[in-house]
Amino acid sequence: MADSAAIRSLPGRARTLEAAPKPAPRFDAGRLLPWLLPTLVIVGWQAAASLGLVSTRFMPTPLDVAAAGWRLAQTGELFENLWVSFARAASGFLIGGGIGLFFGLANGLSRLSERLTDTSLQMVRNVPHLSLIPLVILWFGIDEEAKLFLVALGVFFPIYANTLHGIRSVDPQLIEMGRVYGMNRRELFWRVVLPGALPSIFVGVRYALGIMWLTLIVAETISANSGLGYMAMQAREFMLVDVVVLAILIYAALGKLADSLTRTLERACLSWNPAYRNT
Amino acid sequence: MTAALRLADTPEHRANRGLAIHVRGLSKSFENGPSVIRGLDLTIPAGQFVAVVGRSGCGKSTLLRLILGLEEPSAGRIALNGSEQTKRIMFQEPRLLPWARVADNVAVGLSRDIGKADRKARALDVLREVGLAEKAGQWPATLSGGQRQRVALARALVSRPALLALDEPLGALDALTRIEMQAMIERIWEAQGFTAILVTHDVAEAVAMADRILVIEEGAIALDVDVDVPRPRRRGDPALAELEGRILDRLLRNGA
């Protein structure tokens with residue numbers, strides 16, 4: 001364990017030494033680099049608004065947005081809606097992702113299961129899930145089920161397709177080795193097939209996370225009485241542009257957060273793979 | 001590379017460790033195709049090091065897989081005395097699990113009912129024999145090609161097999177690494193006394209390592225010669241060169 005940790009951190013350490021040759025306390029300039037562009041955009045935006053280059057009627061300044069965030073945080077409205085949206089996203093993801101993983105594994109491992117379900121699943125896949133919104137509203141109204149259903153449907157396919165692909169692309173030579181060395185089906189699955197499919201499953205998870213937010217935003221914007229999308233739509237009715245922009249920025253931050261979480265998981269689970277060691 | 005071998009090299013010991021193989025009238029064909037093996041008879045005494053050479057597609061790998069029980073014979077029978085003993089194969093590719101550390105890869109070769117601590121100790125023991133003890137905690141991706149093949153050898157040896165099948169295990173290695181690996185396999189075979197079957201394209205490798213060489217042509221044994229040169233054998237020994245020439249002539253004559 002200690003060996004691999006040392007290997008993983010080597011290139012990172014080398015980079016740090018270049019940036020700041022002095023020993024601790026070290027300031028790692030390299031880590032801030034990805035945030036340079038967003039910061040510049042915000043500073044430029046504030047400057048343009050303050051100098052009167054753009055009208056604040058349709059585009060509030062960053063300070064206005066921050067003030068709106070503060071205001072809504074104090075009333076508790078912000079956190080309530082944030083929590084509602086997060087809970088919907090997470091439960092929809094778990095349900096849809098779970099079903100996708102199940103069918104991906106089943107169809108990857110069993111020819112019969114694949115022949116039985118894959119064609120149907122591929123047909124359903126080609127229906128844009130957002131086109132079901134009118135139907136979903138008729139079925140579920142604007143209740144929680146509607147949002148859960150859409151999110152689950154949206155995340156199902158990327159996870160299904162990538163799990164299936166991952167299992168298919170496990171090296172058959174390794175499977176033969178496992179058999180010859182006396183692994184039973186269970187062991188073969190846990191020690192060879194699943195670890196081999198994991199990189200591909202993670203690709204599916206990251207893709208599904210994007211679809212999860214997209215679906216939730218659309219669903220909440222069209223039919224909801226709580227959540228971030230609802231908050232933005234309400235604000236539009238009262239011309240509260242700052243709140244609309246705040247909602248959009250929160251979506252961006254949540255998307256980044258979900259992506260970072262996946263990356264951390266990837267690094268923990270795929271540390272054996274040179275491609276994931278230093279990303 | 002230097003490893004402490006605890007087992008004594010006595011003929012009695014070796015005969016006890018190895019597995020004798022009796023093959024009678026063995027045939028194998030795949031899905032109504034032509035026979036790959038045709039009525040083959042073969043007896044391999046326990047502890048012998050046999051090399052099987054032949055052109056691509058002559059059936060030598062199929063013969064190996066049949067002896068190991070990886071394929072079912074179409075006709076004939078294979079008897080292994082002490083068939084309950086461990087048989088292991090080393091492939092041309094290392095086939096290590098990339099997501100398991102070196103020691104865990106070696107432990108794949110152990111029976112499942114061995115305790116965790118014991119598995120680790122035995123894996124480390126055999127890694128020491130192949131000179132890779134210090135790599136036990138590493139990922140296979142960090143090793144060189146030759147090191148990976150040594151880990152594969154350790155995985156094959158960790159269960160102390162009575163039969164070790166080598167399916168062109170050194171074919172992908174560079175010339176120097178290959179010679180080192182040949183010496184290592186020969187040394188471990190001498191110490192442990194298992195029966196070894198080496199399938200190879202390389203006739204020089206066969207004469208350097210084996211007690212006996214089988215040339216397979218069109219699914220049958222075309223030549224069966226003993227290599228009477230004492231060990232340790234020196235590369236470039238005239239007797240070996242002469243034998244190598246004879247076998248190559250035979251292989252080339254029939255291919256023309």
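With the crude spin-label approximation of a point 7 Å out along Cα→Cβ, what separation in nm comes out for B:E190 versus A:L37?
Roughly 6.4 nm, to one decimal.
Applying 1/(1 + (r/R0)^6) with R0 = 30 Å to the Cβ-Cβ distance of A:E176 and B:A175, what FRET efficiency is obtained, to the nearest 0.05?
So the FRET efficiency works out to roughly 0.60.
On a straight-distance basis, which lysines could pair with B:K87 in a cross-link, Cα separation under 24 angstrom, same-chain partners fewer than 8 positions away excluded?
Hits, sequence-local ones excluded: B:K28, B:K60, B:K116, B:K120.
To the nearest 0.05, what FRET efficiency results for B:N32 and A:V124 with a Förster distance of 35 Å applied to their C-beta separation?
Given R0 = 35 Å and the Cβ-Cβ separation, E is 0.30.
If each of A:W190 and B:D237 carries a label point 7 Å out from its Cα toward its Cβ, how far apart are those two points in nm?
So the label points at A:W190 and B:D237 sit 4.9 nm apart.
Whenever you get a sec, compute what percent of the accessible area on chain B sits on carbon and sulfur atoms (1.4 Å probe).
Answer for chain B: carbon and sulfur cover 50 percent of the accessible area.
Please say if segment A:63-211 is rounded, prolate or oblate, where rounded means a/c under 1.5 for a ≥ b ≥ c the square roots of the C-alpha gyration tensor eigenvalues, and otherwise the choice is prolate for a/b larger than b/c and oblate otherwise?
In terms of gyration-tensor shape, prolate.
Run the numbers on segment B:96-159 and let me know its relative contact order in percent, using alpha-carbon pairs under 8 Å that are six or more apart.
Worked out over segment B:96-159, it gives 51 percent.
Taking only protein heavy atoms and a 1.4 Å probe, what accessible area per residue, in Å², does segment A:60-277 have with all protein chains in place?
That works out to 51 Å² per residue.
Could you tell me the relative contact order of chain A? Use alpha-carbon pairs under 8 Å, at least six residues apart, and round to a whole percent.
Details: 274 pairs, mean separation 60.1, N = 279.
With pairs under 8 Å counted, the relative contact order is 22 percent.
Provide the gained length on full extension for the span A:F86 to A:L51, in nm with one decimal, where the gain is 0.36 nm per separating residue minus the Cα-Cα distance.
In short, 8.9 nm is gained.
Carbon-plus-sulfur fraction of the accessible area of segment A:114-214, 1.4 Å probe, in percent?
C and S atoms contribute 65 percent here.
Quick check for you: with a 1.4 Å probe and neighbouring chains kept, what is the accessible area per residue of segment B:66-126, in Å²?
Value returned for segment B:66-126: 46 Å² of accessible area per residue.
By DSSP, what percent of the beta bridges with both residues in chain B are antiparallel, rounded to the nearest 5?
Taking every DSSP beta bridge with both residues in chain B, the antiparallel ones total about 50 percent.
What total accessible surface area, summed over both chains, is buried at the interface between chains B and A, computed with a 1.4 Å probe and given in Å² to the nearest 100?
For chain B against chain A, roughly 2200 Å² becomes buried.
Only counting protein heavy atoms at a 1.4 Å probe, give the residues of segment B:87-113, ordered by number, whose accessible area falls by 20 Å² or more when the other protein chains are present relative to the chain alone.
B:R88, B:I89, B:F91, B:E93, B:R95, B:L97, B:P98, B:W99, B:R101, B:V108, B:R112
How far apart, in nanometres, would the label points at B:L70 and B:R246 be if each is projected 7 angstrom from Cα along the Cα-to-Cβ direction?
For B:L70 paired with B:R246, the spin-label model returns 3.1 nm.
Cα axis of helix B:175-192 to longest principal axis of chain B: angle in degrees, 0 to 90, nearest 10?
The two axes meet at around 80 degrees.
Can you say what percent of the DSSP beta bridges in the protein assembly as shown, counting only those with both residues inside, are antiparallel? Round to 5.
Here the antiparallel bridges make up roughly 50 percent for the protein assembly as shown.
Of chain A, which part is the longest with no chymotrypsin sites (Phe, Trp or Tyr not before Pro) in a loop (DSSP not H, G, I, E, B) and with at most 14 other C-beta atoms within 10 angstrom?
Formally, the longest exposed-site-free interval is A:59-237.
The values are calculated or read from the model by the stated rules, or taken from the named source; none is laboratory data. Just so it is clear, the model here is predicted, and its values are computed rather than measured. Every residue, glycine as well, gets a Cβ built from its backbone with ideal geometry; the counts of neighbours run over all protein chains shown. Side chains included, ligands, DNA and RNA excluded: accessible areas come from the protein's heavy atoms. Shrake-Rupley method; radii C 1.70, N 1.55, O 1.52, S 1.80 Å.
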